[in-house]
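The values are calculated or read from the model by the stated rules, or taken from the named source; none is laboratory data. Bear in mind that the values here come from a model prediction, so they are computed numbers and not experimental data. Here the Cβ is made from the backbone with ideal geometry for all residues, glycine too, and neighbour counts use every protein chain on show.
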Amino acid sequence: MNTLLEAIEIRARAKRAKVAMGIREPTPKLLESAWRAQMLGYAQVVLVGNKKEIDEIGTELEVVDTEDPEKTLIELLISRKVDAAIRGTAKASGTLTNLKLALGMRKIYRLALLLTVDGTPFFLAPVGIDEGNSLADKIRMIALGAEHIRRFGVEPVVGVLSGGRMGDIGRDRRVDRTLADGEFISSQVAELGIKVKHHTILIEDAIKESNFIMAPDGISGNLIFRTIAFLGGGDGLGAPVLMDDYVFVDTSRVGGHFTKAIMLASALSHLNKERKKGTH
């Protein structure tokens with residue numbers, strides 16, 4: 001997995017895709033992170049937001065002027081005027097709603113890429129508070145996530161989490177339910193030919209053996225993401241939406257640095273084109 005970041009960086013520089021980034025309430029730090037991605041050769045970055053506000057800070061990057069970055073960002077992506085897009089600081093609900101409407105998607109599935117404080121990369125799902133609310137959703141999310149992880153040349157190893165240890169059965173009905181769900185999900189995923197283990201609540205063991213952590217639900221997944229990225233000294237590269245024809249990387253507005261998310265979006269665009277040509 002430690003070679004994963006190298007593979008992402010190499011593919012980003014090879015493609016140097018045109019990546020659009022949503023902008024609300026621009027800051028010097030935010031614009032600097034986008035400029036850094038372009039200077040490092042990861043992408044040609046296009047900022048999508050209020051041009052007057054962006055120009056007041058100053059940037060040499062291309063700017064698409066709009067009062068509605070949540071809509072314009074998706075329009076640029078769907079029309080193929082850009083190769084990929086990241087949410088940046090555009091609003092989450094508006095951007096994802098526009099994406100679903102544009103593609104006729106009832107649900108979206110996201111797979112976050114995180115770094116622990118010691119630099120270990122791993123994938124995490126679900127990370128949306130309204131995602132992974134059924135067993136079928138979780139199993140489909142794992143199947144889609146595993147397929148996308150393989151595109152990086154990495155074999156997925158899934159660690160399923162639940163709400164307690166097996167010895168805790170009987171203490172709480174909700175915990176019992178999550179333990180039963182963890183066992184069921186693991187058995188179903190194994191039948192799909194994906195390496196998987198139910199680690200119960202022991203996330204500290206799961207991270208040692210797995211490169212894809214499946215949280216019990218979207219709320220706990222979002223809390224894991226935020227704890228690692230904003231409290232635990234780790235980092236979040238972004239959460240790509242799992243789809244084949246377009247590349248959209250969701251990001252958190254907290255933090256203000258988007259260089260790695262742009263790198264990830266550019267690399268995914270390169271992988272998509274390789275896959276369509278049948279060379280990957």
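Per-structure values
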read-out	value
Matching option when the condition is farther than 17 Å from F258 by Cβ, polar (S, T, N, Q) and part of a loop (DSSP other than H, G, I, E, B), among N98, N133	N133
Members of the range 169-187 that are in contact with a Leu (Cβ under 8 Å, 6 or more places away or on another chain) and surrounded by 16 or more Cβ atoms within 10 Å (Cβ to Cβ)	D181, G182, I185
Test: V160 is of a type in the set (A, V, I, L, M) and within 26 Å of L231 (Cα to Cα)	yes
Lone qualifier among D244, D250 - being over 13 Å from the mean Cα position of the chain (by Cα) and charged (D, E, K, R)	D244
Residue within the range 137-146 that is assigned to a strand (DSSP E or B) and surrounded by 20 or more Cβ atoms within 10 Å (Cβ to Cβ) present	no
Of residues in the range 221-255 being under 17 Å from Q38 (Cβ atoms) and of a type outside the set (A, V, I, L, M, F, W, C), the one surrounded by the most Cβ atoms within 10 Å (Cβ to Cβ)	T251
Among the residues listed as S220, S252, the single one being more than 19 Å from G94 (Cα to Cα), hydroxyl-bearing (S, T, Y) and not in a strand (DSSP E or B)	S220
Candidate set: the range 151-173, residues that are small (G, A, S) and not in a helix (DSSP H, G or I); chosen: the one modelled with the lowest pLDDT	G153
Cβ pairs under 8 Å, 6+ apart, first in the range 184-197 and in the same structural domain as R140 (by TED's automatic domain parsing) and touching a residue at least 12 places away in the same chain (Cβ under 8 Å), second assigned to a helix (DSSP H, G or I) and charged (D, E, K, R)	I185/K138; K197/E209
Residues of the range 100-121 satisfying the condition of being more than 15 Å from the chain's Cα centre (by Cα) and surrounded by 16 or more Cβ atoms within 10 Å (Cβ to Cβ)	L103
Failed criterion for S79 (all others in (1) of a type in the set (G, A, S); (2) buried (at least 17 other Cβ atoms within 10 Å of the Cβ); (3) out of contact with any helix residue (DSSP H, G or I) (no Cβ under 7 Å at 6 or more places or on another chain) hold)	(2)
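Condition check ((1) among the β-branched types (V, I, T); (2) touching a strand residue (DSSP E or B) at 6+ places or on another chain (Cβ under 8 Å)) across all residues:
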position: L73; (1), (2): no, yes
position: L76; (1), (2): no, yes
position: R80; (1), (2): no, no
position: A85; (1), (2): no, yes
position: T95; (1), (2): yes, yes
position: R106; (1), (2): no, no
position: L111; (1), (2): no, yes
position: V117; (1), (2): yes, no
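Conditions tested, residue by residue: (1) under 27 Å from E75 (Cβ atoms); (2) modelled with pLDDT under 95; (3) of a type in the set (S, T, Y); (4) assigned by TED's automatic domain parsing to the domain that holds T120.
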residue	(1), (2), (3), (4)
E6	no, yes, no, no
I10	no, yes, no, no
R16	yes, yes, no, no
G22	yes, no, no, no
A34	yes, no, no, no
Q38	yes, no, no, no
Y42	yes, no, yes, no
L47	yes, no, no, no
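Each row is one residue, and each column tells you yes or no for (1) free of Cβ contacts under 8 Å to residues at least 24 places away in the same chain; (2) of a type in the set (D, E, K, R); (3) more than 22 Å from G153 (Cβ to Cβ); (4) not in a loop (DSSP other than H, G, I, E, B).
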position: V175; (1), (2), (3), (4): yes, no, yes, yes
position: H199; (1), (2), (3), (4): no, no, yes, yes
position: G233; (1), (2), (3), (4): no, no, yes, no
position: H257; (1), (2), (3), (4): no, no, yes, no
position: M263; (1), (2), (3), (4): no, no, no, yes
